[in-house]
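A.B. asks: The structure that follows is given in the form of structure tokens.
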Amino acid sequence: MWFFRDWSYDPLSQANPPTRHVHKRYFALGGLTLLFGVVAIWRILSPNALYTALDNYQRINPHPVALEGESTSITSSSNRAVVSTLYSDSYAIGVAVLGYSIRSTNVSARLILPYLEERVSANALCIVRAAGWEPHSVAFIPPPHHGEGVHPRFGDQFTKLNIWTFDQLGIKSLVYLDADTLVLRNFEELFELGFSFAAVPNVYGGRRGFIISFNAGVLAIKPSTEVFQDMRRNIATARYPPTEAEQAFLNVHYGAKGVRLPYVYNMNLAIKKRSSTLWGELMDEGKIVHYTLHKPFSRTVEGVSTREEEERRITEAEMREDGYFAEEFGWWRGAYNGL
């Protein structure tokens, strides 16, 4: 039959060796080159690399990590302060609720509220005073380079650096809290820290692994006008990703000298998104919750929101993501109703 017929084998000429294996080697080499190229580009463009002092150390902070020449025990409540900020009327309710939650946990420190006089109304100041805050007018600190690269929501945030001048108000130790935080338990031990700066590691969505950068929504600092002046000199020349404004700058300024606090001092809602198990553990002794992903109050209203607007906003927040954060927004509602 035809398929049993003999076939003669003609060996290939040695002048034309097989190219199959050569092609495989070329493909493998090309793949590795592409992989290394992608990794190199990612390392160059990754904003997180700019946060670590190991990759981006800059000699812009000559001040000591630990306090020197004085006791770390600051017993007088007049020398301690809890500080937030108010840059527009839309945050007045949030700041008032925060103040109520601070006093509800028996924190005895002064409540000092830096605000921008040209942007905050007398009505808003009346509301925050009723919640226990001492309004303190500060100067606006514009973002460097005319705000180029800064997220629009963070254009005011360099003004926060004014809190380092509060040694001029007799404050030796302060805890800064963003207006979108709520105090659950007393945190006065933070005033006794023997370090000049402490904050909680940041948390992001997805699976970005270990993060050493910190979130600037809760800070424990020892104010110093000298440090403030150094910061002002370095804002425009230091290397940091501009999108996150003062938080990025502080991560560079204190990258090698800041103390990292446990998550209980800044219970970022992103933690619950990453690990509900960890969140459940934090709830047992959590001190401060941070409403990062969703706000319980409106940031866009003109003037101070009405009670009806605020009730609607809280309800909307409780229903977000199929009610995933309903319990946490219930805590805020409880403080709001207690005002």
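Read-outs throughout are calculated quantities, based only on the coordinates presented, and are distinct from any laboratory measurement. Quick caveat, the model's predicted, so the values are computed rather than measured. A quick note on method: Cβ atoms are made from the backbone with ideal geometry, for glycine too, and the neighbour counts reach across all protein chains shown.
A.B. asks: Roughly how many nanometres apart are two label points built 7 Å out from the Cα toward the Cβ at Ser121 and Ser108?
C.D. replies: Label-label distance for Ser121 and Ser108, simple model: 3.8 nm.
A.B. asks: Something else about it: Would you please put 226-232, 250-256 in order of how densely packed they are, using the mean number of other Cβ atoms within 10 angstrom per residue and starting with the highest?
C.D. replies: On the way: 226-232: 16.6, 250-256: 22.6.
Peptide ranking by packing, descending: 250-256, 226-232.
A.B. asks: Would you work out which of Gln247, Leu182, Ile314 lies farthest towards the positive end of the dipole of segment 74-338, given +1 charges on the beta-carbon of Lys and Arg and -1 on that of Asp and Glu, about the Cα centre?
C.D. replies: Gln247
A.B. asks: Something else: Could you tell me whether segment 84-172 comes out rounded, prolate or oblate from its Cα gyration tensor? Rule is a ≥ b ≥ c as square roots of the eigenvalues, rounded for a/c under 1.5, then prolate if a/b exceeds b/c, otherwise oblate.
C.D. replies: On the way: a/c = 2.02, a/b = 1.50, b/c = 1.35.
Prolate is the answer for segment 84-172, as a/c is 1.5 or above and a/b outweighs b/c.
A.B. asks: Provide the packing ranking of 93-101, 78-86, i.e. peptides ordered by the mean count of other C-beta atoms within 10 Å per residue, highest first. Don't jump to the answer; show the numbers that get you there.
C.D. replies: Details: 93-101: 25.9, 78-86: 22.1.
Top to bottom by mean Cβ count within 10 Å: 93-101, 78-86.
A.B. asks: Measuring from centroid to centroid over Cα atoms, what is the spacing of segment 177-254 and segment 120-141 in Å?
C.D. replies: Segment 177-254 and segment 120-141 have Cα centres spaced 23 Å from each other.
A.B. asks: Tell me which residues come under 5 Å, amide H to amide H, from Ser173 once H is placed; ignore anything under 5 positions away on its chain.
C.D. replies: Correct list: Ala81.
A.B. asks: For Leu339 paired with His63, estimate the spin-label separation in nm (one decimal), with each label point 7 Å from Cα along the Cα-to-Cβ line.
C.D. replies: 3.3
A.B. asks: Mind running the shape call on segment 74-338? Use the C-alpha gyration tensor, a ≥ b ≥ c as the square roots of the eigenvalues: rounded below 1.5 for a/c, prolate if a/b tops b/c, oblate otherwise. The partial results should precede the final answer.
C.D. replies: Working: a/c = 1.27, a/b = 1.14, b/c = 1.11.
Note, shape of segment 74-338 comes out rounded.
A.B. asks: Leu113's amide H: which non-local residues (gap 5+, or another chain) put their own amide H closer than 5 Å, with H modeled 1.01 Å from N in plane and none for Pro or chain starts?
C.D. replies: Here Glu134, His136 satisfy the definition.
A.B. asks: Mind listing the phi-derived Karplus ³J(HN,Hα) values for segment 179-189, rounded to whole Hz, using 6.51, -1.76 and 1.60 with θ = phi - 60°, and x for any glycine or proline?
C.D. replies: Per residue, the Karplus-derived 3J(HN,Hα) values read 5, 9, 10, 9, 8, 9, 9, 4, 10, 4, 4 Hz.
A.B. asks: Expected output is a single nm value to one decimal: the length gained when fully extending between Glu281 and Thr306, i.e. 0.36 nm times separation in residues minus the C-alpha distance. What is it?
C.D. replies: Extra length from Glu281 to Thr306 when fully extended: 5.4 nm.
A.B. asks: To continue, here is another question. Please work out how much length the chain gains when fully extended from Leu35 to Trp331, using 0.36 nm per residue of separation minus the C-alpha to C-alpha distance, in nm with one decimal. Before the final figure, lay out the partial values.
C.D. replies: Numbers: separation 296, 0.36 × 296 = 106.56 nm, distance 4.78 nm.
Here the answer is 101.8 nm.
A.B. asks: Right, here's the next one. In terms of modelled amide H atoms, which long-range or inter-chain residues lie less than 5 Å from the amide H of Val200?
C.D. replies: Correct list: Asn215, Val218, Leu261.
A.B. asks: Give the shape of segment 235-323 as rounded, prolate or oblate, defined through the alpha-carbon gyration tensor: a ≥ b ≥ c are the square roots of its eigenvalues, a/c under 1.5 means rounded, and otherwise the shape is prolate if a/b is larger than b/c and oblate if not.
C.D. replies: Working: a/c = 2.62, a/b = 1.32, b/c = 1.98.
Judged from the Cα gyration tensor, segment 235-323 comes out oblate (a/c at least 1.5, b/c at or above a/b).
A.B. asks: Let me ask you something else. For the cross-link pairs Lys172/Lys273; Lys160/Lys295; Lys172/Lys272, which exceed 30 Å when the distance is taken from alpha carbon to alpha carbon?
C.D. replies: On the way: Lys172/Lys273 36 Å; Lys160/Lys295 20 Å; Lys172/Lys272 34 Å.
Violating the 30 Å limit, Cα to Cα: Lys172/Lys273; Lys172/Lys272.
A.B. asks: Where the only charges are on Cβ atoms (+1 Lys, Arg; -1 Asp, Glu), what is the dipole of segment 74-338 about its Cα centre, to the nearest 20 debye? Please list the in-between numbers first.
C.D. replies: Values: 28 positive and 30 negative charges, 119 e Å.
Around 580 debye, computed over segment 74-338.
A.B. asks: Moving on to the next point. Quick one: 3J(HN,Hα) in Hz for segment 289-300, Karplus 6.51/-1.76/1.60 with θ = phi - 60°, rounded, Gly and Pro as x.
C.D. replies: 9, 10, 7, 7, 6, 9, 9, x, 9, 7, 9, 10
A.B. asks: Just to confirm a number: summing +1 for Lys and Arg and -1 for Asp and Glu over residues other than Asn106 whose beta-carbon lies under 11 angstrom from that of Asn106, what do you get?
C.D. replies: Working: positive: Arg103, Arg185; negative: Glu188.
Counting the neighbours of Asn106, the net charge comes to +1.
A.B. asks: Once phi is turned into θ = phi - 60°, what whole-Hz ³J(HN,Hα) does the Karplus curve with 6.51, -1.76 and 1.60 give for every residue of segment 165-175, x standing for Gly and Pro?
C.D. replies: For segment 165-175, the Karplus-derived couplings read 8, 6, 4, 5, 9, x, 8, 9, 8, 9, 10 Hz, x marking Gly and Pro.
A.B. asks: Okay, moving on. Counting only other residues whose beta carbon sits under 15 Å from that of Asp156, what net charge do I get with K and R as +1, D and E as -1?
C.D. replies: Numbers: positive: Arg119, Arg153, Lys160, Arg299; negative: Asp89, Glu117, Glu118, Asp178, Asp180, Glu244, Glu246.
After counting each charged neighbour, the total is -3.
A.B. asks: Follow-up. How much net charge surrounds Lys295 when only the other residues with a Cβ under 9 Å from the Cβ of Lys295 are counted, with Lys and Arg +1 and Asp and Glu -1? All intermediate terms of the calculation are to be shown ahead of the outcome.
C.D. replies: Details: positive: Arg299, Arg313; negative: Asp180.
In short, +1.
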